[in-house]
Structures are given as C-alpha cells and as structure tokens.
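Colleague: Here it is: the structure, laid out below.
The values are calculated or read from the model by the stated rules, or taken from the named source; none is laboratory data. Bear in mind the structure is a predicted one, so any value in this text is a computation, not a measurement. In this analysis, Cβ positions are derived from the backbone assuming ideal geometry, glycine residues included, and neighbour counts consider all displayed protein chains. Each accessible area value is taken on the protein alone, full model and side chains, heavy atoms only, with ligands, DNA and RNA left out. Shrake-Rupley method; radii C 1.70, N 1.55, O 1.52, S 1.80 Å.
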Amino acid sequence: MTAKIKINIADLTPQFIKEKYGNRELEINVNPPNKLDHLKEPLFWGIIGVLDWTKKGDNKAVLSPAIKKLAAQPIRFIYQFQDILAQKLFLLDGKKYAQNIGSEAYQEGKYFSVDQFLYARCCVMANGQAAFDGILANPTWMPKDLTFEPILSLAAKAFELKMGKPFKYFHTFNYETYSNEEGWA
C-alpha cells in the first residue's frame, strides 16, 4: 500500500525512516519554500558587505564577520546563499570577462588558468553588489590581477560553525570556468 506523509525536513532522519518504514522504497518530493522563508538578495549582499578588509592578508579574519552573520541565519539560508553565489559566479563565466582580468587574461591559443579566472570572479563577488552589477554591464571593469578564492568556502564555514559538521551541498549552478556555454560562445 502507498502512503503519503508530510514531514518537516528537520524531522526526517535515517532513524525515523528506519523505524517508521523499514526497508521500503521512499519517494521524496521537495516543495518550494514559502516566499517569507527565502534568503533575499539584500541579505545576501549584506553578508558579503561585512567582509572585514581591514584584515587584508588574513583571509580567515576577512571572512570571519560574514561567516558569523550567515551562521546566525536559518540553515536553509546557508544553502540559499551558496545557490545565489554559484548563480552569480556562473553569470560571470564568459570570454568577455576572462579577457579583462589582467596579466592572466584569456587570449585565443594561449594558456589560460581556469582556476585563476574563477578566483577573479570570486573577487568580483567579494567587492559587493555595485561591483557585480557594474561588471555585468561593463566587463572591462573586471578586477585586474586580483582574486579572492576564500569566498567559495563562506557558506561551508558558516554551516560548520552552526551545525558542527561538514557542509554537504550540490550546486544548482556549475560555476567552474567554461560551464556557461553561452558566455563562451
């Protein structure tokens, strides 16, 4: 017999499943969250906005206020933060941006570091919404010879601070260099 149950995801544990259903097959449907339960862009950018650039040279210290601010949010916001970050990095994945990152800029037929370009896009994100919006409109504004890879770990570190265990996340957008096929066409 097929049964349909509705349960809060926080209550769904392996122990609950085993006790309630044994070895039966489960089908899980994820319902969209209520609009009130969604991380809004102003909070996303607000979290990035508390990066402490007075501690430049100590990436852990630069990230610390943002990690704490994100960790103070509901767990779902940590995942949504990573979703938004991944989407924005994906949007910046394109030839017109790669050609404007300074000495390691993309040039046809020459070696191009995909990691360096990803970290340059991370630098855009670390510089906030105005930088991101401006660079989307004018790729020549890409930071030259600057990177900030640590922003990639912000959500994971916030999750670990809040939950005391590793962050397991599957990207909604692949932000690795060359993933945005339209941007490289």
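Colleague: Residues of the stretch 174-185 being open to solvent by less than 70 Å² (accessible area, probe 1.4 Å) and not in a helix (DSSP H, G or I), which ones?
Modeller: Restricting attention to the stretch 174-185, the residues satisfying the condition of being open to solvent by less than 70 Å² (accessible area, probe 1.4 Å) are 175, 177, 179-180, 183-184.
Tyr175, Thr177, Ser179, Asn180 - these are the residues of the stretch 174-185 that are open to solvent by less than 70 Å² (accessible area, probe 1.4 Å) and not in a helix (DSSP H, G or I).
Colleague: Right, next: Which is touching a residue at least 24 places away in the same chain (Cβ under 8 Å) and open to solvent by 60 Å² or more (accessible area, probe 1.4 Å), of Glu104, Glu108, Glu160?
Modeller: Working: Glu108 fails: touching a residue at least 24 places away in the same chain (Cβ under 8 Å); Glu160 fails: touching a residue at least 24 places away in the same chain (Cβ under 8 Å).
One residue alone meets the criteria, Glu104.
Colleague: Out of the stretch 86-101, which residues are over 14 Å from the mean Cα position of the chain (by Cα) and open to solvent by 40 Å² or more (accessible area, probe 1.4 Å)?
Modeller: Once the filter is applied, which keeps residues that are over 14 Å from the mean Cα position of the chain (by Cα) and open to solvent by 40 Å² or more (accessible area, probe 1.4 Å), the stretch 86-101 yields Lys95, Lys96, Gln99.
Colleague: Next question. Any idea how many residues of the stretch 112-122 are assigned to a helix (DSSP H, G or I) and open to solvent by 10 Å² or more (accessible area, probe 1.4 Å)?
Modeller: Residues in the stretch 112-122 being assigned to a helix (DSSP H, G or I) and open to solvent by 10 Å² or more (accessible area, probe 1.4 Å): 4 in total.
Colleague: Would you please list the contacts, defined by Cβ atoms under 7 Å and residues six or more apart or on different chains, that run from a residue in the stretch 69-90 that is among the hydroxyl-bearing types (Ser, Thr, Tyr) to a residue that is surrounded by fewer than 20 Cβ atoms within 10 Å (Cβ to Cβ) and in a loop (DSSP other than H, G, I, E, B)?
Modeller: Listed by first residue and then by second, the contacts come to Tyr79/Tyr169.
Colleague: Also, quick follow-up: Restricting attention to the stretch 148-180, which residues are under 18 Å from Gln73 (Cα atoms) and β-branched (Val, Ile, Thr)?
Modeller: Result: Ile151, single match.
Colleague: Could you run through the stretch 163-184 and say how many residues are farther than 25 Å from Trp53 by Cα and in contact (Cβ under 8 Å) with a residue 40 or more places away in the chain?
Modeller: Going residue by residue through the stretch 163-184, those that are farther than 25 Å from Trp53 by Cα are 163-174, 176-184.
Subsequent filtering for residues that are in contact (Cβ under 8 Å) with a residue 40 or more places away in the chain retains 163, 167, 169, 171-174, 176-180, 182-184.
Residues flagged as farther than 25 Å from Trp53 by Cα and in contact (Cβ under 8 Å) with a residue 40 or more places away in the chain within the stretch 163-184 amount to 15.
Colleague: With modelled with pLDDT under 95, more than 26 Å from Asn138 (Cβ to Cβ) and open to solvent by 70 Å² or more (accessible area, probe 1.4 Å) as the only criterion, which of Thr2, Thr54, Thr13 stands out?
Modeller: Thr2
Colleague: A further question follows. For a quick check of your reading of the model, give me the residue pairs whose first member lies in the stretch 111-140 and is in contact (Cβ under 8 Å) with a residue 60 or more places away in the chain and closer than 23 Å to Leu43 by Cα, whose second is part of a helix (DSSP H, G or I) and among the β-branched types (Val, Ile, Thr), with beta-carbon atoms closer than 9 Å and at least 6 apart or on different chains.
Modeller: The qualifying pairs are Met125/Ile48; Met125/Ile151; Ala126/Ile48; Ala126/Val62; Ala126/Ile151; Gly128/Ile48; Gln129/Ile48.
Colleague: Pairs please, first residue from the stretch 34-63 and small (Gly, Ala, Ser), second anywhere and open to solvent by less than 60 Å² (accessible area, probe 1.4 Å), Cβ atoms under 8 Å, 6+ apart in sequence or on different chains.
Modeller: Gly49/Gly128; Ala61/Asp52
Colleague: Let me ask you something else. In this structure, is Thr147 open to solvent by less than 90 Å² (accessible area, probe 1.4 Å), modelled with pLDDT under 95 and over 14 Å from Phe44 (Cα atoms)?
Modeller: Taking the combined requirement at face value, the residue does not satisfy it.
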